[in-house]
Every structure is written in structure tokens, then in C-alpha cells.
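Some notes on the structure that comes next.
The values are calculated or read from the model by the stated rules, or taken from the named source; none is laboratory data. Note that the coordinates shown come from a computational prediction; the quantities given were computed from them, not determined experimentally. Glycine gets a Cβ as well: all are built from the backbone with ideal geometry, and neighbour counts include every protein chain shown. The accessibility values were calculated without ligands, DNA or RNA, using every heavy atom of the protein model including side chains. Shrake-Rupley method; radii C 1.70, N 1.55, O 1.52, S 1.80 Å.
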Amino acid sequence: MGRYVQVEPNVSVFVEDIGQGTPVVFLHGWPVNYKMFEYQLNVLPNQGIRAIAIDFRGYGKSDAPSTGYDYDRMADDVRAVIDDLELTDVVLAGFSMGGAIAVHYMARHAGHGVSKLALLSAAAPVFTQREGYPYGLTPAQLTEQIIEPIFADRPKLLETFGGMFFAKQHSQPFMDWFHALGMEASSYATISSAIALRDEDLRGDLSSIQVPTAILHGKKDEICPFEFAEEMHKGIAGSQLIAFEESGHGAFYDELEKFNAELIRFIKSV
């Protein structure tokens, strides 16, 4: 059942809500939308899991204001959805940029309503290189390779980005579908979120996470290198790191059966 939740005056986000049972809130990655979780939403409700997937502002079916694409505001939008749906004991599952926002939610909102955290190929703790953090692109490289091309030819940039997403070959119809998800986003949300990915630093947030945490990450990830997962694992007390040896960034599809099995196992674990 789809519905809209008002997150601030004149801004509402779309929420897909399927099934009954343990609530799992999915946060999608850049630059797609909640539909990227299709192959999880097809399975989880049959496992006694309530699958709730949010379209971030500017993406999918949500409103697209000109502002609000920093991690603070995006985390506040997640809080608004959790409160509106009166959710408790949530498993918060964030992919890529959504994983970064999930990390920041746990720090900014003291884990409100969340009992477990699943970080799925997360773009955290930092997406670009910093002093003491030599992983990923430099901020200048991200600007040159991702942000500036959006202004010139967004469809081409998204095609290039999509070509880096998976380690395995998938059908052309699937890749066309995945590309179309990115084209549903507003162009300025795509740009503003890329700037947030470039500039935000969540290293200070990791120690505030006090719930059981699973880190699912592909060893062949070319977008969020596996070192990201290792840094999160070191920084989040008691976290478990689950490597996907044959997966790139899109472990949710590269190793679909293993990904779903590990996610369900974690959701149902005591």
C-alpha cells in the first residue's frame, strides 16, 4: 500500500508499505528510488516481514523541493516517516547513500525507533577521500566525474554510473530498467545529493550506533570500495561484516539469493 507522508510544510515523501510483521524500513541509493528493492519486496512479506520503502525527497514519486538534500534533512525525513507510521523495533536498512543517511539517522536521532541496522553497500563513513581516509574518489574527482557531467548530459552520466554498479552481467532489459529508475529523479536532487555525498563525513557518527548492525558489502564494489565496509566494521561496536565475494556495488542483485537469505537471517535473529 503506497501512501504519502508530509515531512515538512509543502513537502511529502512517498512510502511503499507491504506485508505484516517485523518492520524493515528501506532507504534507497543515489540516484534511484525505492523500486530498486523490487527483488527484496517480492520476497520479504512472505517471510513475516513488513517491508516499508521510502522514496527520498527529489526521487521517485516524492515531492522535489529545491532544498533539503543534506544528510541532516534527509535523516529528519526518515524520522518523520517512522513517527507518522508509529513504527517501533524497526530494522533500518540503507543502501549506498541510503546507508549513509541511516548511519546519520542513528546519531542525529539517537536511534529513535530502531532496534537493528543493516548497511547495504553503504556510502559511509565517508564517500570521498579525507586526511586519514584514503578510500574512494577525491572530492575533485567526484566533482569532475559525476557532478559536472550531470549538467551536460545526465542520461549519459547515469548510464556510465550504472555500468559500474554490478560485477556480473545482467540482461539488457534489466539494465534499461535500472537506468530508468535514475531518470525518474529530479535533476537538481541528483546534483544536490551528489554534493552531499562528496562533502559529508560520518566518521564521528559510528560510535553512537548501539544496536545490532550487519554490514553487507560486495568485495568487487567499484563505487563504495570494500574498505568502506571494513572502516564501518571497525567503528561500529559488535557489528558483523558479511562479504559478497562475487558482487559489485549492486550485491542486492549480483548475488540475489545470498543477499536475501543473509538479510532475512539478520532480520529474524534474536
Checked Ile215, Ile191, Ile223, Ile209 against criteria (within 17 Å of Tyr69 (Cβ to Cβ) and of a type in the set (Val, Ile, Thr)); the one match is Ile191
Polar (S, T, N, Q), within 25 Å of Ala75 (Cβ to Cβ) and out of contact with any strand residue (DSSP E or B) (no Cβ under 7 Å at 6 or more places or on another chain) - does that describe any residue in segment 167-186? yes
Kindly provide the set of residues from segment 227-245 that are under 12 Å from Pro125 (Cα atoms) and open to solvent by 20 Å² or more (accessible area, probe 1.4 Å), ordered by number. Glu227, Glu230, Glu231, His233, Lys234, Gly235
Which of (1) open to solvent by less than 70 Å² (accessible area, probe 1.4 Å); (2) modelled with pLDDT under 95 is the odd one out, the single condition Phe174 does not satisfy? (2)
All but one of (1) in a helix (DSSP H, G or I); (2) within 15 Å of Ala118 (Cα to Cα) hold for Leu157; state the number of the condition that does not hold. (2)
Name the residue, out of Leu142, Leu181, Leu117, that is over 26 Å from Glu246 (Cβ atoms), touching a helix residue (DSSP H, G or I) at 6+ places or on another chain (Cβ under 7 Å) and either in contact (Cβ under 8 Å) with a residue 24 or more places away in the chain or surrounded by 15 or more Cβ atoms within 10 Å (Cβ to Cβ) (or both). Leu142
Regarding segment 54-63, can at least one residue be identified that is outside any loop (DSSP other than H, G, I, E, B), touching a residue at least 24 places away in the same chain (Cβ under 8 Å) and among the β-branched types (Val, Ile, Thr)? yes
A careful count of residues in segment 91-105 that are of a type in the set (A, V, I, L, M) and either surrounded by fewer than 22 Cβ atoms within 10 Å (Cβ to Cβ) or touching a Lys or Arg at 6+ places or on another chain (Cβ under 8 Å) (or both) gives 2
Boolean, Pro125 is without any contact (Cβ under 8 Å) to a residue 12 or more places away in the chain, in contact with a helix residue (DSSP H, G or I) (Cβ under 7 Å, 6 or more places away or on another chain) and not charged (D, E, K, R): no
With aromatic (Phe, Trp, Tyr) and not in a helix (DSSP H, G or I) as the only criterion, which of Phe166, Phe178, Phe151, Phe228 stands out? Phe166
